[in-house]
Amino acid sequence: MCLAVPALVTALLPDDRATVSLGGVSSTCSLELVEGVAVGDYVIVHVGYALSRLDAEEAERTLALLAELPADAA
Amino acid sequence: MCLAVPALVTALLPDDRATVSLGGVSSTCSLELVEGVAVGDYVIVHVGYALSRLDAEEAERTLALLAELPADAA
Amino acid sequence: MTDRRLFARKLDIARGAVDMTHGSGGKAMAQLVRELFAAAFANPWLDQGNDQAAFDVPGGRMVMTTDGFVVSPLFFPGGDIGSLAVHGTVNDVAMAGAVPLHLTAGFIIEEGFPLADLKRVVDSMAAAAREAGVAIVSGDTKVVERGKGDGIFITTTGIGMVPPGVAPSGDRARPGDAILVSGSMGDHGVAIMSTRDNLGFETAILSDSAALNGLVAAMVAAVPGVHVLRDPTRGGLATTLNEIAHQSGVGMRLAEADIPVRAEVAAACELLGLDPLYAANEGKLIAICAEEECDRLLAAMRAHPLGRDAARIGRVVEDAHCFVQMETRFGGRRIVDWLTGEQLPRIC
Amino acid sequence: MTDRRLFARKLDIARGAVDMTHGSGGKAMAQLVRELFAAAFANPWLDQGNDQAAFDVPGGRMVMTTDGFVVSPLFFPGGDIGSLAVHGTVNDVAMAGAVPLHLTAGFIIEEGFPLADLKRVVDSMAAAAREAGVAIVSGDTKVVERGKGDGIFITTTGIGMVPPGVAPSGDRARPGDAILVSGSMGDHGVAIMSTRDNLGFETAILSDSAALNGLVAAMVAAVPGVHVLRDPTRGGLATTLNEIAHQSGVGMRLAEADIPVRAEVAAACELLGLDPLYAANEGKLIAICAEEECDRLLAAMRAHPLGRDAARIGRVVEDAHCFVQMETRFGGRRIVDWLTGEQLPRIC
Amino acid sequence: MKYVDEFRDPLLARTVAAAIAREARPDRAYNLMEFCGGHTHAISRYGIPDLLPGNVRMIHGPGCPVCVLPVGRIDDAIALARRPEVTLCTYGDVMRVPGSGRLSLLKAKAQGADVRMVVSADAAVRIAAENPGRQVVFLAIGFETTTPPTALAVRAAAAQGLSNFTVFCNHVLTPSAIQGILADAGDGKEVASLDGFVGPAHVSVVIGSEAYAPAAAEHGKPVVISGFEPLDVLQSILMLVRQINEGRAEVENQFTRAVTAEGNRKAQAIVAEIFETRASFEWRGLGSIPHSGLKLREAYAAFDAERRFPVAGASVPDHKGCDCGAILRGVKRPVDCKLFAGVCTPENPMGSCMVSAEGACAAHYTYGRFRDA
Amino acid sequence: MKYVDEFRDPLLARTVAAAIAREARPDRAYNLMEFCGGHTHAISRYGIPDLLPGNVRMIHGPGCPVCVLPVGRIDDAIALARRPEVTLCTYGDVMRVPGSGRLSLLKAKAQGADVRMVVSADAAVRIAAENPGRQVVFLAIGFETTTPPTALAVRAAAAQGLSNFTVFCNHVLTPSAIQGILADAGDGKEVASLDGFVGPAHVSVVIGSEAYAPAAAEHGKPVVISGFEPLDVLQSILMLVRQINEGRAEVENQFTRAVTAEGNRKAQAIVAEIFETRASFEWRGLGSIPHSGLKLREAYAAFDAERRFPVAGASVPDHKGCDCGAILRGVKRPVDCKLFAGVCTPENPMGSCMVSAEGACAAHYTYGRFRDA
Ligand code: SF4
Ligand code: SF4
Ligand SMILES: [Mg+2]
Ligand SMILES: [Mg+2]
Ligand SMILES: [Mg+2]
Ligand SMILES: [Mg+2]
Ligand SMILES: [Mg+2]
Ligand SMILES: [Mg+2]
Ligand SMILES: [Mg+2]
Ligand SMILES: [Mg+2]
Ligand SMILES: [Mg+2]
Ligand SMILES: [Mg+2]
């Protein structure tokens, strides 16, 4: 499945690394596979490497699409 | 003090070694430092090496000397 | 236990070897205990299948229990091996509804272990015993060569007296009973994992290690007839409920939304691909009681500082398969099975 | 203890570390126990200073004791770690004059330990428990990573009930009392050493490992007022007598010629430069009783298979220094002191 | 947890479930394969089948890199770990996968092999740097998601001039596997009639959604790239139902918050620098699939464990009774296998589908077997 | 045990004791030094002082190779053992001797140093052969008795071509030490008036009784070579009393069952082949004594730990309050030392005489301190 989590970048570290946070749990990861990541961004982290930035607008859009569906009748 | 025990040679082994016995406890030792040792001899064993043969006649003589002393008056 | 197919095949005693899964609290351990230890030692007290044995002595009913503590690191957020060794055994005594009386402690120490650390451990044990109101009345010290131990191992044994009319046991869960927990799940397991360098994460989570005899005293005062008490240690809530289900020959239905889990514990588990229901607890208990006594029991629990976050998480049902099922927070249903193997961090 | 100068200097807790001498049953261990464990846990039961704690429970007087077993090799001539773990704890219960009731067993197993060996150990424990008439009522299993254990460690804890009027204790030796042992000294220690490859000797000596509760029952039936019972395990006869002398604030006078030692044990000790009085026993006891009860006690001991070779080896005397002295077989006199450090084979 | 909790919302779940129930035509079946174990996990753990109408059936695909690792490769890894000079590092998942004779890396470790768990590839490089006297072998497994970190590790080891670090490479390629499932290989294997695919989430982050276009086009099957949260899965199912109803066979992207059409070019470049495609590679349960595995390029031969050490490379068949192949192709269900839950359990898996919690059989056993009761 | 039990016979003991009591003149003192720890051990363990008249006083000499090993050499051995590549092998006795800061080889082992106990020198050679990746250092100690086995070990290592075996040599020579005790070194050290020596048993088996002739002649002191059993010691005391009464100062041999005038020539030859005399060597408690120690010959330099590894070679003084020097010279008794039984005990020895059970202070503490009570 490739376990990966969306984590908040809380600090940039030397050697292209960052401190990230997931629900109050902090960890570090490598930024070698991504570009232009800034503090405050969310990244998708897998085996200690950020694989991409998470697009906040797209996330909103996905949720909005779901919200537009008619509520459950049951 | 150089702990050493008088042990009975019970078998000759390859490599100039022997099985020895002390009061029912058996062990092995090297015969490299002694010559002409045969099964039935007693040897003085120190750190796994026979240092010399034990002279049975001399042992008798020593005990005989002691036995000749007048018995304790007390 | 009623599920004859619980273990697919017998232990391979001729050729097998002990591995870490036999100590992880899951099914492999249950099998080792049943096919090797229980088979050899068979007696009515061991066969009770609880974490402690209860037996009659001239003056009443007594319980006795033992546990070895091999935790690494020895000092962890919220506790250390010393306090844990006291709490763990006090709790196993208390889970019989008993009042803990005396403890013994056996130490196996690796040569080279600093006396300063030993003193820290021992002082922590002493403080924990004082707080729990028990005395460590006898002990033993063994020293093993370097490389044949791991700093220090402690085995504690406890005895206690069960008040008349109180007799909780893992085989007493009945369909219709309510299932309660005394607080949030997984704190200890996650606190320990957070210290492992190679897992590379940090949290503020503390172990919940605590002596539960005070809480239990309040609970049995309120509901002397409580059916089951057990602390979900190794293997976590999931494994412990499965044990009880099999012991009682019942099923269970849990509501995921009602199971208290701290946000940080959930997050750490998310990160590692683990499930908080399988993470160890050292200061929490599961209680199962008749539905009509549930509110009274819950109130008694919540009135105690160690039961503040107590919650009703489900109910006992009839089920020949002894399945523990759960309504997921998401709205579906799933089995909550025994721990298989060890909880190892996953990448997929 | 009365000898304030028993320990020349305090433990260096800030900078010191545990070493093998702290586990060898000698003075270093006594100091660790006193300055670290007993100081922290202080309570009236632990302060009894015996190998078991005695306390009142509603129905009578109970004793409780624990011991860890870390023997290497696990299987030795005359026994194994399993039977030893049962015998050792049954004996510590029995040394209070008590009837052993129940045992618990905690296992700490190194991963990779063959299940076949585990079964052999467990079966041996079960047989030993059956023979001793006790049940192993509760247990625990922990698995540690390879290199963090040594095959298997077992910690057993036992409880028992003391018959009314019986109260042997290490602090009850009185000047004039007779000192007895139940049989030959040093068999276990030498049997274990004979298995160590690097010591390079062989003997037919078997460990004396045995449960002494039957013997003790016969003894207390004959002499309920026996003053002291203790099993001379680690540290051997010499160290155990010193412990008792200090606990009771008395001296002792032994007659070397009366102390039973097997010829082969004596020979093995001669070979290694060791003293059989410091070698461990696992199926022998020391008894101290009033002189006028000595013959009765000795007769009761000799009538039991495990006391066949029982002997009176000396007497208790007044001595502010708590010296254990011995008339040597040769006609002189010497102190029989605590074990210092470990018993290591010597070349000089 | 932001971007997690929102996608587990039970109220929205009911809304989407209702939409699926409304839109799925009662007169037909929807046989949907979720390729990824991540989806299998979400479906099982959150009980998604309870939210679907009976005619929408989820078929668990082979999307777990641990499950598809062939027994022979596990045997090879154990043999490597047992070499006295070798320290074998790998991810936790791999350690309990049984090879021949039920031996796993965990058991080999118990017997004395030096096996270490790491949570990232660079930890293995660090262990090599700190233990110059040891030969550190990194047992690398994973789909396209996990390959870039391995590639970076090799590059780092090369930059540091480490002569004691090698990779035992088991990285595999998902589009090839999908093709493998869809292609009637002419070998007599039955293939289920699949109506569409829930496509990989994190794999797609790296390779981009366009990577599935050939498969979709060639076989006329809709693919919806889906996130791994349960709402993602439900929404993707809805999107598939709609495509099927409308007769479309497109690649759609539900996981737009992380997946783009072209994927992560930087990650793709580093992978291309270090690795090249193998002619074929064995997938446990599926057999040999052409161009479905990676190996180190000639330029990085010094870091290839298969070149430094003798590796047997034998192919070891699963239990004869194992129906994994049919299950992975959607022809059978776990309960159809005679070994399921009897001889074959997660403690003693007999086939690939039982090896990890994400395998079809394991997920059903662990989370769903109450449905058979 | 034949040749042991006969020499421990209590009836004969009383006979010999009576003879000593009869023959010792009440009008004079007999200050007899037993050189060897073996004698000290027998005297203490069997309670021989109880069998002697008050004017026959036994003075414990320096005859324990463990006790006389200087603190600096222990420190050097610990430093060797702590080298990561080194496995240090030695006899059990040495392992608990404290060096500086109360550190011993046992404690260094507890801290992780690779220290192994052996009961014979050839075991160390075997360990070296079996562990080619380790540097095995044999910490050799002992008098002339123990040197031949070390010499054979070196020759065996050479024959096997072992490049990972060396000896840290601390072998010392007893006649030199006796000379050292008797020689008023002109350094202001007081020397007791010794009336005779109980001479070494097993040392003499190797070097022969004639080796003591120079010392006896030069200083006019009788020497009786004595076995280590208690009856041997009593008989030797009787022989010394007689020599003294008769004004003789000869070397006599009580231990005829094992000692000859010339000793074991074969053993002497192998020692001479491998070792040569050092210019001087430090004896703990006695200070530096000329020609009293051995080192490996140039031809065996490859097996000399002092040449293969850096060895500090520092001289570390004992506790200032320690009276060992005076005790070893017979001027003081253990109880005269302020540290005895208070600060200085066998658990925490402050000086050489407390280090091993055979040291003067340790023997008195362990076996005889009831006499002070
Ligand atoms: S149950 Fe086991 S044997 Fe059967 S198909 Fe699944 S993995 Fe294969
Ligand atoms: S008692 Fe200790 S300090 Fe005093 S002389 Fe003896 S060894 Fe030296
Ligand atoms: Mg994936
Ligand atoms: Mg000597
Ligand atoms: Mg318990
Ligand atoms: Mg417990
Ligand atoms: Mg419990
Ligand atoms: Mg004990
Ligand atoms: Mg005990
Ligand atoms: Mg005991
Ligand atoms: Mg005892
Ligand atoms: Mg337990």
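Rule-based calculations on the coordinates, nothing more; no lab input. Keep in mind that this is a model prediction, so the values were computed, not measured. Backbone-built Cβ (ideal geometry, glycine too); neighbour counts: all protein chains shown.
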In µm²/s, what is D for the stretch E:59-103 at 4 °C and 1.567 mPa s, where D = kT/(6 pi eta Rh) by Stokes-Einstein and Rh is the Kirkwood radius from Cα pairs?
112
In vacuum, with every alpha carbon of chain D counted as one equal point scatterer, what does the Debye formula give for log10 I(q)/I(0) at q = 0.08, 0.11, 0.13 Å⁻¹? Two decimals, please.
-0.36, -0.72, -1.04
Quick one: 3J(HN,Hα) in Hz for the stretch D:39-53, Karplus 6.51/-1.76/1.60 with θ = phi - 60°, rounded, Gly and Pro as x.
5, 7, 8, 1, 7, x, 7, 5, 5, 4, x, 9, 6, 8, 9
Computed, not fitted: 222 nm per-residue ellipticity of the protein assembly as shown from DSSP H runs ≥ 4 (each -39500 (n - 2.57)), nearest 500, equal to -8500 deg cm²/dmol
Within the set of other residues whose C-beta is less than 13 Å from the C-beta of C:Pro164, count the net charge using Lys and Arg as +1 and Asp and Glu as -1.
0
Comparing E:Gly54, E:Gly359, E:Gly227, which has the greatest mean-square fluctuation in the GNM of chain E with Cα pairs linked when under 10 Å apart?
E:Gly54
With Rg from the Cα atoms and Rh as the Kirkwood inverse mean 1/r over Cα pairs, the stretch F:194-327 has an Rg/Rh of 1.05
Could you list D:Arg9, E:Arg126 so that the one with the fewest beta carbons within 10 Å of its beta carbon is first and the one with the most is last?
D:Arg9, E:Arg126
Longest segment of chain E with no GluC sites (Glu not before Pro) in a DSSP loop having at most 12 other Cβ atoms within 10 Å?
E:263-373
Averaged over its residues, how many other protein chain Cβ atoms are within 10 Å of peptide C:56-67's Cβ atoms?
6
What is the fewest-to-most order of F:Cys361, F:Cys337 by other Cβ atoms lying within 10 Å of their Cβ?
F:Cys337, F:Cys361
Cα extents of chain E per principal axis, largest first, Å, are 66, 46, 45
Calculate log10 I(q)/I(0) of the stretch D:83-133 for q = 0.21, 0.32 Å⁻¹, where I(q) comes from the Debye formula with a single equal point scatterer on each Cα and nothing for solvent.
-0.76, -1.28
Determine ³J(HN,Hα), in whole Hz, for all residues of the stretch C:274-291 in sequence, where each value follows from phi through the Karplus function 6.51 cos²θ - 1.76 cosθ + 1.60 and θ = phi - 60°; x replaces Gly and Pro.
10, 10, x, 6, 9, 7, 6, 10, 10, x, 10, 9, 9, 10, 10, 9, 4, 3
Starting from the coordinates of the alpha-carbon atoms of the stretch C:1-97, obtain the Kirkwood hydrodynamic radius over all distinct pairs and give the value in Å to one decimal.
15.8
Pairwise FRET efficiency - C:Ser72 versus E:Arg134, Cβ, R0 = 25 Å, nearest 0.05:
0.65
By Cβ position, which chain F residue lies least far from the axis that rotates chain F onto chain E, and what is the distance to the nearest whole angstrom?
F:Gly133, 5
How many angstrom separate the Cα center of the stretch F:6-70 from the Cα center of the stretch E:140-186?
82
A student applying the Cα gyration tensor rule (rounded when a/c is under 1.5; otherwise prolate if a/b is larger than b/c, oblate if not) would label the stretch C:142-213 oblate
Along Cα→Cβ at 7 Å, what distances in nm separate the F:Gly321 label point from those on the other copies, shortest first?
8.1
How big is Rg to Rh over the stretch E:1-83, alpha-carbon atoms, Rh as the Kirkwood inverse-mean-distance radius?
1.18
How many partner chain Cβ atoms sit within 10 Å of a residue's Cβ in peptide E:343-351, on average, as a whole number?
4
If you put a point 7 Å past Cα along the Cβ direction, how far is that point for F:Glu246 from the same point in each other copy, in nm, smallest first?
12.9
Phi-derived 3J(HN,Hα) across the stretch E:315-332 with the Karplus relation (6.51, -1.76, 1.60, θ = phi - 60°), rounded Hz, x for Gly and Pro, is 9, 10, x, 6, 3, 4, x, 6, 9, 3, x, 5, 5, 5, 8, x, 7, 10
Dipole magnitude (debye, nearest 20) for the protein assembly as shown, charges at Cβ of Lys, Arg, Asp, Glu:
80
Teacher prompt: C:Glu292 distances to equivalent labels in other copies, 7 Å Cα→Cβ, nm
6.8
With a 10 Å cut-off between alpha carbons and a GNM built on chain D, which of D:Ile13, D:Ile205, D:Ile286 moves the most?
D:Ile13
Along the principal axes of its C-alpha atoms, what lengths does the protein assembly as shown span, in descending order and rounded to whole Å?
131, 77, 54
Which percent of Cα-Cα pairs in the stretch D:295-344 sits in each 10 Å bin, short to long?
20, 30, 38, 12
Taking a ≥ b ≥ c as the square roots of the eigenvalues of the Cα gyration tensor of the stretch D:59-179, is the shape rounded (a/c under 1.5), prolate (a/b larger than b/c) or oblate?
prolate
How large is Rg over Rh for the stretch A:5-68, taking Rg from the Cα atoms and Rh as the Kirkwood inverse mean of 1/r across Cα pairs?
1.04
With respect to the symmetry axis carrying chain B onto chain A, which residue of chain B exhibits the smallest Cβ distance to that axis, and what is the value in whole Å?
B:Gly48, 28
Specify the inter-centroid distance of the stretch D:157-192 and the stretch F:219-259, based on alpha-carbon positions, in whole Å.
46
Which of rounded, prolate or oblate describes the stretch E:249-373 when judged by the alpha-carbon gyration tensor and an a/c cut-off of 1.5?
oblate
If each part is reduced to its alpha-carbon centroid, the stretch F:312-373 and the stretch C:227-247 end up apart, in Å, by 62
